[in-house]
Each structure stands twice: as structure tokens, then as C-alpha cells.
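Colleague: Questions regarding the structure given below will be posed in turn.
The values are calculated or read from the model by the stated rules, or taken from the named source; none is laboratory data. These figures come from a predicted structure and were not determined experimentally. So basically every Cβ, Gly included, is an ideal-geometry build from the backbone, and we count neighbours across all protein chains shown.
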Protein chains: 2
Amino acid sequence: MTSPFVAGPPVRIAGAPGGPLGGLSFAAKDLFDVAGLPTGGGNPDWARRHPVPTRHAWAVQRLLDAGATLIGKTITDEVSLGILGENPFDGTPLNPAAPGHVPGGSSSGSASAVAQELCDTALGTDTGGSVRVPASFCGLYGIRPTHGRLDLTGMLPQAPSSDTTGWFARDAETFARVAEVLLDEPIVPSSLPTTLVVAVDAFGLAEAQTAAALQPMVRRLSALVGYVREDLLAPPGLSVWARAQRTLQPWEAWQTFKDWLDRDNPRLQFSVARGLVAASAIPESERQWAALMRAEARARLAWLVPPGTILCMPTTPFPAPRRGLSLATLEPLRARISCLAAHGGLTGVPQVSLPGTVVDGLPVGLSIVGAPGSDAALVAVARALAMEMRR
Amino acid sequence: MTSPFVAGPPVRIAGAPGGPLGGLSFAAKDLFDVAGLPTGGGNPDWARRHPVPTRHAWAVQRLLDAGATLIGKTITDEVSLGILGENPFDGTPLNPAAPGHVPGGSSSGSASAVAQELCDTALGTDTGGSVRVPASFCGLYGIRPTHGRLDLTGMLPQAPSSDTTGWFARDAETFARVAEVLLDEPIVPSSLPTTLVVAVDAFGLAEAQTAAALQPMVRRLSALVGYVREDLLAPPGLSVWARAQRTLQPWEAWQTFKDWLDRDNPRLQFSVARGLVAASAIPESERQWAALMRAEARARLAWLVPPGTILCMPTTPFPAPRRGLSLATLEPLRARISCLAAHGGLTGVPQVSLPGTVVDGLPVGLSIVGAPGSDAALVAVARALAMEMRR
């Protein structure tokens, strides 16, 4: 089992004294610039061409300024293209909650480091599920903030219209402390929502055992929020939304990486290269359709989840798959995971994955989704729910 | 500049005493099994899955039995998929005749080792030009034997209907000594051809400067053979034959490697992965067309180059390109190289590349092509021409 940290000399940058995150340690996914260290991006041929940054990424600086101490850079799927966390160059970080299973990706090392209690929180990125999926698989709190909410300066981009910076924590209190700093907004009980939508299509797409295992969490959430109703997250089909996102996101990723590929002909895992090759062939007509579907999906969520309402759904359709499966076995799993994750990149809504559920001994997360900008309210729900559960 | 040998402990297996190749040293491309050493295939994830061989490949055993001493395993393009010799895992071997330029591939290290005088001869493989192109770029003798002539046991396959084992030498005498052993046939002057066909389409496809530089060699060859006429190698177009070969060969390579790709999801250079992905999508209708074109190409060569006739053509359309060019720059160069190499894999005819020509200080080869089975006659021409040139 592999360390969650990238190879290299030990990293330690002390946080500013007296800040609100004093005493906390954090790690940053190797997509975030840390001054003086190469940004590896999970690929041996990325840092070779990209200069060592001279400034910290915005999110790193923000946590340091608030008093948290940086203790390492963490393994990521190659240039964030992956959802399982198996990186043949840097290694596959241990999932301590499910040894022998993948940690989830692409923020694999950040989730692993927090889950292994090597740090209190860790920065990840979420374009198509890269914080939410490892949070679910490792049994952590994890957030994909509203798209555009956090400053992404110094973060290696993938698909800019979907890219976000998120973070992990083992407990809701730490999760909320970090949220107050990165969102620059207090987490207050008064922001709790009053309506809960249970996304029946999302529960339907999950494995039956996973959907059933999440019901106690749904009931606690229902009790906390009050009014509950069932509805569809994606009336055209979660697979149709996923198809739109799997058109828009890879095409943008191709735009982001094609000059690097052409110039450096880098080493890549076959599945990553295959994805990029497929992306390069996405026709304009498909992209036009996907852009229209994105507009419709945004309108759907604006209507379905207005301020004061949250939606709940399984973060992933099942717990972490085993490590080392063949591509033919993994491909349908990846596709099914995407069906539950695509709405994030497609619409930009914030989402928090909540731990606390276990299927056959493996963790799986329940997600809450809110209106754009309701990030603090989602974190408040996470904290309130944790307090309820402690009683 | 990188060593032509793969990393690892020094290799030395002495040849049998008293054989015809006594005193000669040789290297073997890392696609040939050497008992007790991993067969790396130019990729870090190949040997991991494939057991260390317990027997030497046929060609290795044959050279050892004849008295030659094995002194190393040489770098190859990944699983022989490449024509330039730039391997990001094992390194790009030095082309001592053209420093700063590629050595050619995929038998890059074998050509480099011989050109650097680190050994007398070296085994390569040629499916789509992998001996002929590095021979041309490094200024060496190199042979692609008749398809099916040599036993390929213990050689990592790529596209079996085109795969061959070949070898390199700096001088015609050594080249012929090795030929007698591997072909199991004496190289005798009585086998010299009596008709020379100059392939005007092939010279037309070469760069004008290269075609012009090769004329003195063509004149010496004409003087040696006697009767000379001009004709087309490929009436439908060399690019049409190349299209057929670039349909058949990658499809077979996909069949060879797809289970490995699925099971191990290996690291690959982007261009190699891209080629395999493209191969996986080649439709049945294209393959049917290409198979018909292969039959027509074989018939064309049987008529054009009967026993007693040889054809001459540039081995490559130009000398070695510079190292480190972008994929967008290399792609048209690769395609043009393929136009002059495709007839080999397509029809199975033997071909020898002859050194001795230089363009702007860089070597380029003149090739002679014969009827299937005329391998020894081509080697005899190479030796006779070298003797003429020494006078």
C-alpha cells in the first residue's frame, strides 16, 4: 500500500501564528502550487516542462494565513483525469477504510492522508467528482463548492467551466472550521434549509444495497430539515446528463492539455491517453447539444433546489471497487459513478458528501446538494447532523 | 545522449567455441528472449506481467551457437511501436553518425550499439521498417529478411503477418558472415542478380536532395548488375500501399496487445497509446480492402522483381529528423517514412539497406529489394558492391 504523498523531501510550511486554523495540519493535492516545489500533476512529464512555482496557490496561501500548517503534497490521478485513484507513476494511496480497494480519485492522496490521520484536512479538486468520490470511498466529509466560488489561482486546470477546489475532513467540526476560512463566511445554524428533496432517480441508480444502507442517514437528515419530498434530479435521465458532461469536460480537458501532448508526447496510463484521444474526436454537434443540456440542467436545479432547499442522493452508486481490476471491468463502474457525479460539473451547484454509512464494511457517502452559493448552509447541515448523531 | 543498452547488470554470454562467428560480439533488441533476463519490450509495464524467459530466442541461440558473444540487450521503441527511436522510459539511444538526431526505430538501440562500435552486429525486428529505418539513419547495413524465413520463437510479436527478425552491421563482410548463419545459406557471388529496377515512384517520394545524393550508389549498383530499367514499385501509389499496411499492421498489433492493455492499463508514450486507440477503431471494411490490396501488392512484386531481378529505392525519404520534435511536426514525417517502408510488411519481400550516402553530413540508405527467398542474393550484392567501392 502506498503513501498518500508524492515522492520527495519532507514538506513543512508552518501556518501564520494566531489564526483560526491554528493547530491544524493540511496537505495539498499535487495540482496546487506550493512555492519552491514542483507541481507534479500526477505525471512524470508534467513538472519537467512546467517551471517550479514561486508563489503558493490561492487556497494553500489562504490556509497558511489562517494558521494551518502544510505537511505534504498528495498523489493525484494524472492531471486529474481519473476517478478511482490508481496512479501507475506515483502509486495508489491506501484507502484505510477499505484496504485492498481504491481510494477514489482524482484527489486520492488528499483523501487517503486525511483518512489515515496524517493531517486534519487536505485540499482537493473536483471537476467531475474528484473530491466527492474519494470522500465517499474513504468515509470522509468532502465538499465540491459552488463553481466560481473559490479563487483557483495556482491550481492546475483541467476543464475550467467545471473545475473547483474542495477539501476533506474526518469530522464535521474541522470541516466547518476550514469552510469558514475558504468560503470566508461563518457556518451558522440559522442557515439550515427547510426543505429536503430526496432524488429518487439517484437512489435508483445506486446499487440496491447501497441505497438501502443510506436510508438511516436520510431519515436523520429528514428529521433535521423538516419538510421532505421525493423528486427526480435529472428528468431526462442521469445518464443523459452524464453524457453531456462527458462531452463538455473531456473536450475542455483536451483543449487544456493538447499543446503539452503535442510538444512533449508524455508518458500516460493507457486509459488516460485513450480518454484524451477520444476527447479529441468529439464533434462540434455533440458539444452544441451538451451545452444546451447544460443550460437545461442548470434551470432544472434552480427550480428543484432553490435557496432553503437541499437535495440528497448517494455520492457514489457503491463503495470503493477493488484495486487492480481490468479496464473492461472498470469501465462500466466509472460510467455509473459519473452518472451520480455529473450534475456537479454540469451545473456548478455545491455538494457535500457525508460519511457515516457502511456497506459490507466499506464506507459510502450520502450527498447533499444546494443552490449555488449555499456552500455554508450545506456545511452547517453537515455539522448539525453530526451533532444530532452524537447525542 | 543515452546508452543503447537497457538498464540492468552487464550482460555477457560467450558464444560456442570454434564457430563461424567466433570473435564477433552482438547485442539483441529487448524484444528477444535471453534466458534469465526479463524481456522488457521497451515498456516498464511489460516485464512486470511477463515471466523471465528460461530459453534464448531462436536468433539469439543461433548466434551463440555460431560463436558470437552476446554483450547486451538494446533499447527499443515501446513494444516495437515506433519508427524514430525516441523512448521516454528507457531513453533515446545516441545516433553517433548524426548526433542530435534520432537513431530511428524501433530497433534503435541495436543500430546505435553497432554504429557506436560497441558490438559487431545486433539483432533487430522489422515489422514496418524497424530495421531498415535505423540502418538508414545510422549509416549501417541492415536487413529485413523474407517474411517467414527466420524462426521467430522467443521474439516479442507485434503484427505476426509482417513481423521479421533482422540484423545490422557496419561492414558488408560481417553483415554477410551473420547472414550465412541466420539464413543458413552461403553468400556466393554466383547468386548476383542480372536486372536492376529503379523504383522511380520511391525516388520521387524522397526529398529531392536525398534522391540526388543516392544517385552515385545507384550508378555503382547499375554497373554491378548490368541491365537497368525504371518502373513503378506501387502503381496505385506508395501512399495507397502504406494506407493498406497502416490498416493491417496496427489492427494486428491491437489484437496482440489489447489483453495486456485491458488487464494492466500500462504506462505508454501518448503517441503509442494514440496509435493503439486508433487501431482499435479500424473497421472490418477497411481491413477487407487492405487485405485485397496486400494480395495485389504481392502480385505486383512477384511480377516486378522475379528471381534474378532486384529493385532499388531510397530506404527513407530523408536522413534522421532532429530529436525532440513535436508530434504535429513528426506526424507527416512518420507518414512519409511509412510510404517507403510499407511494401516490406505488406508483401513479405526481403530488403537490404546499404550505407555509404550522406546528405548534409547525415547518412541515408539505398535499399535493394528482391524476390521472396532471395535474401542471400541481396547480401551478396551488398558485399560485392562494398568490394567494388574499396577498389
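Colleague: Anything in the range A:334-360 that is over 24 Å from A:ARG149 (Cα atoms), small (Gly, Ala, Ser) and in contact with a strand residue (DSSP E or B) (Cβ under 8 Å, 6 or more places away or on another chain)? List them, or say none.
Modeller: The answer is A:GLY356, and nothing else.
Colleague: What strands (runs of 3 or more DSSP E) completely inside the range A:137-253 contain at least 1 residues that are within 17 Å of the chain's Cα centre (by Cα) and basic (Lys, Arg)?
Modeller: So the answer is A:141-144.
Colleague: While we're looking at this one, here's another question. Which one of these is within 14 Å of another protein chain (Cβ to nearest Cβ) and modelled with pLDDT of 95 or more: B:ARG229, B:ARG219, B:ARG263, B:ARG246?
Modeller: Exactly one of B:ARG229, B:ARG219, B:ARG263, B:ARG246 is within 14 Å of another protein chain (Cβ to nearest Cβ) and modelled with pLDDT of 95 or more, namely B:ARG263.
Colleague: When you look at B:GLN249, is it farther than 30 Å from A:PHE257 by Cβ, buried (at least 23 other Cβ atoms within 10 Å of the Cβ), among the polar types (S, T, N, Q) and in contact with a helix residue (DSSP H, G or I) (Cβ under 8 Å, 6 or more places away or on another chain), yes or no?
Modeller: no
Colleague: Can you tell me which of (1) more than 19 Å from the chain's Cα centre (by Cα); (2) within 16 Å of B:SER106 (Cβ to Cβ) is the one B:GLY67 doesn't meet?
Modeller: Here B:GLY67 clears every test but (2).
Colleague: Filter the range A:314-331 for residues that are within 14 Å of chain B (Cβ to nearest Cβ) and in contact with a Phe, Trp or Tyr (Cβ under 9 Å, 6 or more places away or on another chain); which is nearest to A:GLN245 (Cα to Cα)?
Modeller: By that ranking, first place goes to A:LEU327.
Colleague: Let me ask another. If only one of A:LEU378, A:LEU304 is within 16 Å of A:THR195 (Cα to Cα), within 16 Å of the chain's Cα centre (by Cα) and away from chain B (no Cβ under 14 Å), which one is it? Before you say what the answer is, go through the steps one by one.
Modeller: Details: A:LEU304 fails: within 16 Å of the chain's Cα centre (by Cα).
From the options A:LEU378, A:LEU304, the qualifying one is A:LEU378.
Colleague: Looking only at the range B:137-162, which residues are of a type in the set (Val, Ile, Thr) and surrounded by 24 or more Cβ atoms within 10 Å (Cβ to Cβ)?
Modeller: The one that is of a type in the set (Val, Ile, Thr) and surrounded by 24 or more Cβ atoms within 10 Å (Cβ to Cβ): B:ILE143.
A quick yes/no check of all residues on (1) away from chain B (no Cβ under 14 Å); (2) modelled with pLDDT of 95 or more:
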| position | (1), (2) |
| --- | --- |
| A:PRO9 | yes, no |
| A:PHE26 | yes, yes |
| A:LEU37 | yes, yes |
| A:ARG49 | no, no |
| A:LEU64 | yes, yes |
| A:ASP77 | no, yes |
| A:LEU81 | no, yes |
| A:PRO88 | no, yes |
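Colleague: Hey, another quick one. Applying the selection to the range A:18-38, what residues are under 21 Å from the mean Cα position of the chain (by Cα) and surrounded by 24 or more Cβ atoms within 10 Å (Cβ to Cβ)?
Modeller: Across the range A:18-38, the qualifying residues are A:PHE26, A:ALA27, A:ALA28, A:LYS29, A:ASP30, A:LEU31, A:PHE32, A:ASP33.
Colleague: Shifting gears a bit: Quick check, is A:ALA278 within 9 Å of chain B (Cβ to nearest Cβ) and surrounded by fewer than 19 Cβ atoms within 10 Å (Cβ to Cβ)?
Modeller: On the way: within 9 Å of chain B (Cβ to nearest Cβ): yes; surrounded by fewer than 19 Cβ atoms within 10 Å (Cβ to Cβ): yes.
Yes; evaluated as a whole, the condition is true for this residue.
Colleague: Moving on to the next point. Which members of the range B:36-79 meet the condition of being closer than 18 Å to B:ALA7 by Cβ, assigned to a loop (DSSP other than H, G, I, E, B) and of a type in the set (S, T, N, Q)?
Modeller: Once the filter is applied, which keeps residues that are closer than 18 Å to B:ALA7 by Cβ, assigned to a loop (DSSP other than H, G, I, E, B) and of a type in the set (S, T, N, Q), the range B:36-79 yields B:THR39, B:ASN43, B:THR76.
Colleague: Select, from A:LEU238, A:LEU205, the only residue that is surrounded by 20 or more Cβ atoms within 10 Å (Cβ to Cβ) and in contact with a Pro (Cβ under 8 Å, 6 or more places away or on another chain).
Modeller: None of the other options fit; the residue is A:LEU205.
Colleague: For the range A:332-341, state whether one or more residues are under 22 Å from A:ASN87 (Cα atoms), within 14 Å of another protein chain (Cβ to nearest Cβ) and small (Gly, Ala, Ser).
Modeller: Taking every residue of the range A:332-341 in turn, none turns out to be under 22 Å from A:ASN87 (Cα atoms), within 14 Å of another protein chain (Cβ to nearest Cβ) and small (Gly, Ala, Ser).
Colleague: Moving to a separate point now. Can you name the residue in the range A:119-136 that is of a type in the set (Ser, Thr, Tyr) and part of a strand (DSSP E or B) and is also surrounded by the fewest Cβ atoms within 10 Å (Cβ to Cβ) among such residues?
Modeller: Step one: list which residues in the range A:119-136 are of a type in the set (Ser, Thr, Tyr), which gives A:121, A:125, A:127, A:130, A:136.
Checking the rest, the ones that are also part of a strand (DSSP E or B) come to A:121, A:125.
Working: A:THR121: 28, A:THR125: 25.
Checking each candidate, the answer is A:THR125.
Colleague: If you scan the range B:254-267, which residues turn out to be touching a residue at least 12 places away in the same chain (Cβ under 8 Å) and part of a helix (DSSP H, G or I)?
Modeller: B:TRP254, B:THR256, B:PHE257, B:LYS258, B:TRP260, B:LEU261, B:ARG263, B:ASP264
Colleague: Go through the range B:103-117 and report how many residues are assigned to a loop (DSSP other than H, G, I, E, B) and polar (S, T, N, Q).
Modeller: Total meeting the criteria: 3.
Colleague: So, B:PRO99, is that one over 18 Å from the mean Cα position of the chain (by Cα), within 30 Å of B:PHE318 (Cα to Cα), surrounded by fewer than 24 Cβ atoms within 10 Å (Cβ to Cβ) and not charged (D, E, K, R) or not?
Modeller: The answer is yes for B:PRO99.
Colleague: Does the range B:108-118 include one or more residues that are in contact (Cβ under 8 Å) with a residue 60 or more places away in the chain, surrounded by 24 or more Cβ atoms within 10 Å (Cβ to Cβ), of a type in the set (S, T, N, Q) and in contact with a His (Cβ under 6 Å, 6 or more places away or on another chain)?
Modeller: no
Colleague: Which condition number in (1) polar (S, T, N, Q); (2) closer than 30 Å to B:ALA281 by Cα; (3) free of Cβ contacts under 8 Å to residues at least 40 places away in the same chain is the one that A:SER271 fails?
Modeller: A:SER271 satisfies every listed condition except (3).
Colleague: Here is a follow-up. Do we have B:LEU311 as under 30 Å from B:GLY361 (Cβ atoms) and of a type outside the set (Val, Ile, Thr) here?
Modeller: In short, yes.
Colleague: I'd like the full set of residues that are closer than 21 Å to B:ALA28 by Cβ and not polar (S, T, N, Q), limited to the range B:82-101. Can you show your working first?
Modeller: Going through the range B:82-101, the residues closer than 21 Å to B:ALA28 by Cβ turn out to be B:82-87, B:89-96.
Those that are closer than 21 Å to B:ALA28 by Cβ and not polar (S, T, N, Q): B:GLY82, B:ILE83, B:LEU84, B:GLY85, B:GLU86, B:PHE89, B:ASP90, B:GLY91, B:PRO93, B:LEU94, B:PRO96.
Colleague: Right, another one. Among the residues of the range A:281-303 satisfying the criterion of being free of Cβ contacts under 8 Å to residues at least 40 places away in the same chain and among the charged types (D, E, K, R), which is surrounded by the most Cβ atoms within 10 Å (Cβ to Cβ)? Walk me through how you get there before you give the answer.
Modeller: From the range A:281-303, those free of Cβ contacts under 8 Å to residues at least 40 places away in the same chain are A:281-286, A:288, A:292, A:295, A:299, A:303; that's our starting set.
Next, only the ones that are among the charged types (D, E, K, R) stay: A:284, A:286.
Values: A:GLU284: 8, A:GLU286: 16.
Here the answer is A:GLU286.
Colleague: Which residue out of B:THR195, B:THR174, B:THR165 is more than 14 Å from chain A (Cβ to nearest Cβ), over 20 Å from B:PRO314 (Cβ atoms), surrounded by fewer than 24 Cβ atoms within 10 Å (Cβ to Cβ) and in contact (Cβ under 8 Å) with a residue 60 or more places away in the chain?
Modeller: On the way: B:THR195 fails: over 20 Å from B:PRO314 (Cβ atoms); B:THR165 fails: surrounded by fewer than 24 Cβ atoms within 10 Å (Cβ to Cβ).
Going through B:THR195, B:THR174, B:THR165 in turn, just one is more than 14 Å from chain A (Cβ to nearest Cβ), over 20 Å from B:PRO314 (Cβ atoms), surrounded by fewer than 24 Cβ atoms within 10 Å (Cβ to Cβ) and in contact (Cβ under 8 Å) with a residue 60 or more places away in the chain: B:THR174.
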